[in-house]
Amino acid sequence: MGDTAGRRGLRAAMEAESREWLVRCPACGFERSVAEMGGTRYKALGTKKRFLRCPHCRGFGWHTIYRSGTGVRLAPLRPSRPLWWHIGALVGVLLLFFVLLGGGFFFILSRASAGPRDTTTAYFAAVGAGDWASAHDSLSAARREQVTPANLAALWETQESAHGPVAGFDTTSFSVKNGRARISGKLRYRDETTESRVVQLVREGGVWKIASAP
Ligand SMILES: [Zn+2]
């Protein structure tokens, strides 16, 4: 029996407190209590914001929920904004978020590929310039044992006889995993013909070196 009385007392206390919590429109200052809105707020602290439509001015906005008599400092009234303005602002924030997220990913990916890509472009630049010592230096230890700078010169002179010297290399995709990298791209010749190339790289002594056929 005492239990039922206790429960009734609690409900009365919750209703009383819910009448003290006010929901205030940021545009016109119209207030109604949480109890009037059919809600309950009990043993809560601080203030809360909720996006609502005001029954008085009919504007949409972030209403402040605060407990009366606690000396809460309320923000000055601001003109109400139409619903589309709020939706537009939300879409804008989301767009900005995704642009930043995309930018972050791009930054991380381009950093991951920077080492292997730099080695690949440097190698093809050396080939284009006929700098066979530098081109040879871009190769892995195992490859350097198989080919000499003179071998490289002979190999590429055959390739370049048809299209002119190598003009550059454009990466189209890459992957990096466990100290190995794979770069796909287009090798450009002076006469503007292109050739698909896949370059395999290994990390040797902290530097990326070309491990595939030169
Ligand atoms: Zn209002």
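No value in this document is a laboratory result; all are computed from the given coordinates. These numbers were taken from a predicted model, which means no experiment stands behind them. Please note: Cβ atoms are built from the backbone with ideal geometry, for glycine as well, and neighbour counts cover all protein chains shown.
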- Only helices counted: for the chain, with every DSSP H run of 4 or more residues adding -39500 (n - 2.57) and the sum spread over all residues, [θ] at 222 nm is -15000 deg cm²/dmol
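When 23, 72 are ordered from fewest to most other Cβ atoms inside 10 Å of their Cβ, what list results? Spell out each step's value before the answer.
Values: 23 21, 72 13.
With the sparsest Cβ surroundings first, the list reads 72, 23.
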- Query: Once phi is turned into θ = phi - 60°, what whole-Hz ³J(HN,Hα) does the Karplus curve with 6.51, -1.76 and 1.60 give for every residue of segment 137-144, x standing for Gly and Pro?
  - Reply: 5, 6, 7, 5, 4, 5, 5, 5
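Please order 60, 51 by the number of other Cβ within 10 Å, starting at the fewest. Don't skip to the end; give the middle numbers.
Numbers: 60 21, 51 10.
Ranking 60, 51 by Cβ neighbours within 10 Å, fewest first, gives 51, 60.
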- Query: Just the projected area, averaged over all directions, of the convex hull on the alpha carbon atoms of segment 114-210: how many nm²?
  - Reply: 5.8 nm²
- Task: Please work out the C-alpha center-to-center distance from segment 159-214 to segment 107-146 and express it in whole Å.
- Result: 8 Å
- Rank these for me by crowding, 85, 208, 21, going from fewest to most other beta carbons within 10 Å. 85, 21, 208
- Helix 83-129 versus the longest principal axis of the chain: what angle, 0 to 90°, nearest 10, using Cα atoms? 20 degrees
- Item | Rel. contact order, % - alpha carbon contacts under 8 angstrom, at least six apart, the chain | 13 percent
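Over segment 92-185, calculate the relative contact order: mean separation of alpha carbon pairs under 8 Å at least 6 apart, over the residue count, as a percent.
Details: 68 pairs, mean separation 25.4, N = 94.
Relative contact order, segment 92-185: 27 percent.
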- Query: Excluding same-chain residues fewer than 8 positions from residue 43, which lysines have a Cα within less than 25 Å of its Cα?
  - Reply: none
- Message: Helix 149-163 against the longest principal axis of the chain: what's the angle in degrees, Cα atoms only, rounded to the nearest 10?
- Response: 80 degrees
- Task: Could you name the aspartates and glutamates whose alpha carbon sits less than 16 Å from that of residue 48, not counting residues in the same chain fewer than 8 places away?
- Result: 17, 20, 31
- Task: Give me Rg over Rh for the chain, both radii from the alpha carbons and Rh done the Kirkwood way, two decimal places.
- Result: 1.47
- With labels modelled as points extended 7 Å from the Cα through the Cβ direction, what inter-label distance (nm, one decimal) is found for residue 105 paired with residue 5? 6.5 nm
- If only Cα atoms are counted, what is the Rg of segment 1-108, and what is its Dmax, in Å? 19.6, 68
- Note on the structure: The Cα extents of segment 171-214 along the principal axes, largest first and rounded to whole Å, are 37, 17, 15
